[in-house]
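Notes follow the structure.
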Amino acid sequence: MPRNRPGALRAAQRIRHRPRRWDTPAPDRIHGLSARTSLAIHRYEALSADDYVFPGATAYALRRYRAFLSPPGRGIRYPYLDDCDCPGCSLRDVRHARDLLGTALRNLPPRARAELARLVAALDAVYLARTLPDPFVPARREWRPHVWWYRRLEGCRYAQSGVI
């Protein structure tokens, strides 16, 4: 019986196991991440069944998290709830943006997870330094009191923007 060449065997395997085709084009790189990690995040968002995960959600959450921590100085920052519950508006609450980043970290492949985790860990350190702990979280909050970024003092949206 004749033997198949190794190259012919590999070619047959490639034909049977074609990679998935994506309906949406490849995204732009997310600031601070490699192209490979940005593509892994794009694939995760495209395949996710979660209502709050949509194409570009992770990049938007990362921008929102950075923007919350970016005002100069050492002033204390207070996260606040947003009135709207739609997926796009809910990311105005920095804690929800951090939730979305945590979900992405759990669902990414190991290499992309490690790169995003390094970036988020640096932002988490700034978040801990610029917010105050809330000693009354278990009494006041029924929803996710065990997550550390929800255990920080909450503020008012109008006091943050300087409207009052």
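The values are calculated or read from the model by the stated rules, or taken from the named source; none is laboratory data. Computed from a predicted model, the values in this text were never measured in an experiment. Positions of Cβ are backbone-derived with ideal geometry, glycine not excepted, and every protein chain shown enters the neighbour counts. For the accessible areas, the whole protein counts, side chains as well, though only heavy atoms, and no ligand, DNA or RNA atoms are used. Shrake-Rupley method; radii C 1.70, N 1.55, O 1.52, S 1.80 Å.
Applying the set (1) open to solvent by 30 Å² or more (accessible area, probe 1.4 Å); (2) closer than 30 Å to Leu47 by Cα; (3) modelled with pLDDT of 75 or more; (4) not β-branched (Val, Ile, Thr) to Arg144 leaves exactly one unmet item: (3). Where helices (runs of 4 or more DSSP H) sit wholly within segment 29-124, those with at least 2 residues that are open to solvent by less than 30 Å² (accessible area, probe 1.4 Å), in contact (Cβ under 8 Å) with a residue 60 or more places away in the chain and more than 27 Å from Gly155 (Cβ to Cβ) occupy 35-47.
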